[in-house]
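Here the structure is laid out as structure tokens; the discussion comes afterwards.
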Amino acid sequence: MDEKQEAFERMAVLINQEHLTMNLWEVYEEVDSTTGMFPSTSSKCQQSTLLLQMYDQKWRPVQVTLYAGELQLLFKEKSRMFRIILRSVLSIDVSSTTKEVFVVNTPSHSFQLRCRHEIAAVDWVNSLRTQIRLRDKTLLQQFFSFAGGSRTQPSTEPQCGSELLSPPTPENSYKYSGKPLLKNCWVGIVNELNGKIKNKKKIKKDTFLIGRSGSADFIVKKDPYVSRTQCKISIVDNIPYLVDMGQSVKGTFLNSTYVTQAPIAPGDFLTVGRTKLVFGITKKVTFSGSVKKFSIDEDTNFKL
């Protein structure tokens, strides 16, 4: 038995798939290094550390990457690195009991993944379901183009179980009056040595993305602990919310509290990686009220 076959059989045991077989939809392999494996500079690449349920029913950290329609799972077992590439995802199921868990279904297997929190799970489910919609729509167009067209084409509307999910919204009692928040609030980096604020940038749209990606609205440079899409500020009904995207190991902190989603007030500090940001408003906006902060217990080790 060659080394490739031995690695393949070890992986079958690890992920609890008794009838694991090589096929056109999935690739299973042992890798020596992750260097150059993922397009980390691409804004079209979604990547984070989730948990994969293994043979012993325990959750193990796995690096999940969605790029160019393929879902890649990278995990470590006894100092050996394994990779699974899922090239044909049929559907994404969500758990009715555990909201941070979702299931990826392929033509031959199912993979159960767990995020840090519900908001991150919703983001992953929506990204995967969007990819499935685009793929199916493209295949339909190619089929009818090849067949010479048809008067009645099948509907490309999403089927039951493929709808996009809406993230939960916490209750709040913050009140912003005067001018609308858009273009009248900002984010800046705090210099912890002298307290000065630099790189202030106005928030000019309802969803303001913060991260290392070149496509982010506020780009955090020279901080390797910040993910490409670390968090976002969403303005809903003239109230700003800090939303962690669940794609970093350390997470996002609001005034030293680890949060998934929470309303923010002027002067609140947002910590991403080793960078400290502050949220502020202009004199045209008036703020009042108090709020309940939402946080979660970090009871699981997501470090790969």
Listed peptides 183-194, 271-282 by packing density, highest first (mean Cβ within 10 Å): 271-282, 183-194
Cα gyration tensor, segment 73-122 - rounded (a/c under 1.5), prolate or oblate: oblate
Those residues of segment 96-123 whose amide nitrogen sits under 20 Å from the label point placed on Glu70, 7 Å along Cα→Cβ: 104-111
Label-point gap, in nm, between Tyr225 and Ser108 - each point 7 angstrom along Cα→Cβ: 4.2 nm
Theoretical FRET efficiency, 1/(1+(r/R0)^6), r = Cβ-Cβ of Lys198 and Ser127, R0 45 Å, to 0.05: 0.85
Virtual spin-label span in nm between Ile85 and Val31, 7 Å along Cα→Cβ: 1.0 nm
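Every read-out reported here was derived from the displayed coordinates using simple, explicitly stated rules and does not represent laboratory data. The shown structure was predicted, so the numbers you read here are calculated from the model rather than taken from an experiment. We place every Cβ from the backbone using ideal geometry, glycine too, and count neighbours over all the protein chains shown.
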